[in-house]
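Trainee: One structure follows; several queries about it will come next.
Just so it is clear, none of the values below were taken in a lab; they were calculated from the coordinates. Remember, it's a predicted structure, so these values are computed and weren't measured experimentally. Note that we place each Cβ from the backbone using ideal geometry, even for glycine, and neighbour counts take in every protein chain shown.
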């Protein structure tokens with residue numbers, strides 16, 4: 001993925017985070033608004049991307065049996081835990097982004113996935129156009 005593709009994915013994730021914070025109680029971006037909120041969303045989207053890129057493959061290999069045993073439903077729990085970890089890392093970096101527990105993380109991860117997918121359907125992807 002080139003720089004443009006990376007920036008598009010980052011923007012899609014940031015918008016999905018923003019919508020998730022609007023829709024899911026317990027997921028909050030508490031910046032002063034405007035540019036600060038947008039910057040927070042971009043930084044948290046970057047953290048979310050790094051957490052997913054680093055941990056998801058490891059978890060898939062280690063938890064393969066759980067994925068098979070639960071017919072893939074374990075992925076919902078994994079996504080929630082990765083979203084919760086993103087919130088924890090953001091808090092450690094003093095970013096105004098909060099995830100208040102497992103259930104907000106669970107629903108937040110689902111909303112993030114759906115919104116990201118919907119935006120990805122609309123936004124052209126350079127990889128698909130080749």
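Trainee: So which residues in the range 6-18 are free of Cβ contacts under 8 Å to residues at least 24 places away in the same chain and surrounded by 18 or more Cβ atoms within 10 Å (Cβ to Cβ), if there are any at all?
Mentor: Scanning the range 6-18 gives a single hit, 18.
Trainee: Return yes or no: is residue 21 buried (at least 18 other Cβ atoms within 10 Å of the Cβ) and either under 23 Å from residue 114 (Cβ atoms) or in contact with a strand residue (DSSP E or B) (Cβ under 8 Å, 6 or more places away or on another chain) (or both)?
Mentor: Criteria met by residue 21.
Trainee: What's the number of the only condition in (1) farther than 29 Å from residue 2 by Cβ; (2) in contact with a helix residue (DSSP H, G or I) (Cβ under 8 Å, 6 or more places away or on another chain) that residue 43 fails to meet?
Mentor: (1)
Trainee: How many residues does the range 103-122 contain that are in contact (Cβ under 8 Å) with a residue 12 or more places away in the chain and either closer than 24 Å to residue 57 by Cβ or touching a helix residue (DSSP H, G or I) at 6+ places or on another chain (Cβ under 6 Å) (or both)?
Mentor: Within the range 103-122, residues that are in contact (Cβ under 8 Å) with a residue 12 or more places away in the chain and either closer than 24 Å to residue 57 by Cβ or touching a helix residue (DSSP H, G or I) at 6+ places or on another chain (Cβ under 6 Å) (or both) number 12.
Trainee: Could you check the range 70-102 and list, in sequence order, the residues that are surrounded by 11 or more Cβ atoms within 10 Å (Cβ to Cβ), in a helix (DSSP H, G or I) and without any contact (Cβ under 8 Å) to a residue 12 or more places away in the chain?
Mentor: Listed by number, the residues that qualify are 74, 75, 88, 91.
Trainee: Based on this model, can you work out whether residue 45 counts as in a helix (DSSP H, G or I), over 21 Å from residue 113 (Cβ atoms) and either touching a strand residue (DSSP E or B) at 6+ places or on another chain (Cβ under 7 Å) or free of Cβ contacts under 8 Å to residues at least 60 places away in the same chain (or both)?
Mentor: no
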